[in-house]
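Colleague: Let me give you the structure first, and then I'll get to my questions.
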Amino acid sequence: GDDTGCFHPDDPITFAEAVTILMRVLGYDDSSVGFGMAWYDGYLATAASAGLTAGLYAEPTGSITRAQAATLFYNLYFTDVKGHWAETFIEYCYDMKIINGRGDGTFDPDGNVTGVEAAKMVLSALGYEATAYQLTGPNWDSNVNRNATQVCDPSLYETVENTVMSQPITRDVAA
């Protein structure tokens, strides 16, 4: 509601309200964001320091636009790829469901690719749908290994029996 306690359900949502809702969904509350001159200052400052409002220039009390909302949600994902030389390629592969992040909101663009990550990328690029073949989620690596050995013909792992697929992939294994 507003300062008088009224909700006004038909009024447009403001930028500050949208950021506050998003921050609360992410687990922040009044005690974890700090304070400022206005009720929303702490939320906006915390969102800015987390990179969620990067690229946004909005009046806090103005209505949030669809583009601003999309940018907020876009900024939730892979904050560590913004400005990276491969940003557009990473975004494309993510959109095509070929790659995923680390599970903690990062992508780690300069990290080494493991064998199982490479297998997941190959399976996805070959058209194995991530949801149907369970290539994402808590047991994604086990499911990728199963699919790479049992579903693919020939097996993606056919010549790499003694390789630890959870380790960074070498040129020999990749070849």
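Colleague: Check THR14: other-chain or 5+ apart residues with amide H under 5 Å from its amide H, H built from backbone geometry?
Modeller: ILE64
Colleague: Once fully extended, how much extra length lies between CYS6 and ILE21, figured as 0.36 nm per residue of separation less the alpha-carbon to alpha-carbon distance?
Modeller: Details: separation 15, 0.36 × 15 = 5.40 nm, distance 1.71 nm.
Using 0.36 nm per residue and subtracting the Cα-Cα distance, I get 3.7 nm.
Colleague: Taking the Cβ of VAL81 as the center, what net charge do the other residues with Cβ under 11 Å away carry, scoring Lys and Arg +1 and Asp and Glu -1?
Modeller: Local charge sum for VAL81: -4.
Colleague: Same structure again: Please work out the FRET efficiency for the pair THR106 and TYR57, using the Cβ-Cβ distance as r and a Förster radius of 41 Å; give the result to the nearest 0.05.
Modeller: With R0 = 41 Å, the Cβ-Cβ based efficiency is 0.95.
Colleague: Compute the separation of the alpha-carbon centres of the stretch 87-137 and the stretch 1-75 and state it in Å as a whole number.
Modeller: 31 Å
Colleague: Ok, one more. Multiply the residue gap between ALA132 and ALA45 by 0.36 nm, knock off their C-alpha separation, and tell me the result in nm, one decimal place.
Modeller: Between ALA132 and ALA45, full extension yields an extra 27.3 nm.
Colleague: Leaving out ligands, DNA and RNA, and with a 1.4 Å probe, what % of the accessible surface on the stretch 1-99 is carbon or sulfur? Mind dumping the intermediate values first?
Modeller: Numbers: 3930 of 6510 Å².
Accessible surface attributable to carbon and sulfur in the stretch 1-99 totals 60 percent.
Colleague: For the pair TYR74/SER142, report the inter-label distance in nm, with labels modelled 7 Å from Cα in the Cβ direction.
Modeller: 3.8 nm
Colleague: Output ³J(HN,Hα) for the stretch 6-19: one whole-Hz value per residue in order, computed from phi by the Karplus curve 6.51 cos²θ - 1.76 cosθ + 1.60 with θ = phi - 60°, and x for Gly and Pro.
Modeller: Running phi through 6.51 cos²θ - 1.76 cosθ + 1.60 with θ = phi - 60° gives 8, 8, 6, x, 8, 6, x, 7, 8, 4, 4, 5, 5, 5 Hz.
Colleague: Could you check how many percent of all C-alpha pairs in the stretch 52-118 are farther apart than 20 Å?
Modeller: On the way: 783 of 2211 pairs.
Here the long-distance tail beyond 20 Å is 35 percent of all Cα pairs in the stretch 52-118.
The values are calculated or read from the model by the stated rules, or taken from the named source; none is laboratory data. As the structure is a computational prediction, the values presented were derived from the model and not from experiment. Glycine also receives a Cβ, built like all others from the backbone with ideal geometry; neighbour counts cover every protein chain displayed. Side chains included, ligands, DNA and RNA excluded: accessible areas come from the protein's heavy atoms. Shrake-Rupley method; radii C 1.70, N 1.55, O 1.52, S 1.80 Å.
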